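Take a look at the structure below.
No value in this document is a laboratory result; all are computed from the given coordinates. The model shown is predicted, which means the values in this text are computed figures rather than measured ones. Note: ideal-geometry Cβ built from the backbone for every residue, glycine included; neighbour counts use all protein chains shown.
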Amino acid sequence: MQQGLPQLVATYKRAIPRVKDHVRRDVLLGELEEATAKAPVAWVSGLPGSGKTSLVARWVEASAVPVVWYRLDQNDGDVASFFAAVHEALPDRNLPVWSPENQADLVEFARDWFAELAREPLVLVLDDCHRVPDAS
């Protein structure tokens with residue numbers, strides 16, 4: 001393995017896609033803005049290639065709120081990688097640190113972790129959810 005590769009992978013998994021050459025869809029951007037004004041969580045779904053990632057990337061580009069973008073993949077069946085990556089992206093937040101002992105009560109750990117994450121405004125984008133194995 002090349003030296004520096006883990007950082008490269010972590011950077012890719014958290015990089016916000018560029019939208020410079022994408023078509024701006026003002027109606028959908030307005031609907032996304034309206035949805036997020038009503039509720040703290042928005043789920044964007046659609047067929048592969050329909051522009052979900054581009055739409056959300058364009059929306060967060062204009063956001064004044066801090067953004068953590070996380071691309072899920074087949075290796076994210078273990079929640080430890082997710083918790084570690086978001087923790088690394090937000091070093092100033094006092095997020096609980098994942099350890100194997102937390103697996104015994106994952107629900108309680110996740111509840112505490114997300115409660116702490118929600119203390120300050122944040123846009124958390126989980127992209128490519130379809131890549132996580134169903135059995136995870």
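Odds and ends about this structure:
- Per residue, the Cα convex hull of segment 73-136 amounts to 91 Å³.
- Residues whose placed amide H lies under 5 Å from that of Val67, excluding near-sequence neighbours: Val123
- In terms of overall dimensions, the C-alpha atoms belonging to the chain reach 46, 39, 31 Å along their principal axes, ordered largest to smallest.
- GNM flexibility winner over the chain from Asp112, Asp78, Asp21 (Cα, springs under 10 Å): Asp21
- Structure-based [θ]222 nm, the chain - -39500 (n - 2.57) summed over DSSP H runs of at least 4, per residue, nearest 500: -12500 deg cm²/dmol
- Summed residue charge, Cβ within 10 Å of Arg131's Cβ, Lys/Arg positive, Asp/Glu negative: -3
- Shown here for segment 31-115: GluC sites (Glu not before Pro) in loop regions (DSSP other than H, G, I, E, B) with at most 13 other Cβ atoms within 10 Å, of which there are none.
- Count Lys and Arg as plus one, Asp and Glu as minus one, and take only other residues whose Cβ is under 15 Å from that of Ser81; the net charge is then -2.
- Gyration tensor (alpha-carbon) shape descriptor, segment 54-97, a/c threshold 1.5: oblate
- Residues whose amide H comes within less than 5 Å of that of Asp127, counting only those at least five positions distant or on another chain, are Tyr70, Arg71, Leu72 (H built at 1.01 Å from N in the peptide plane).
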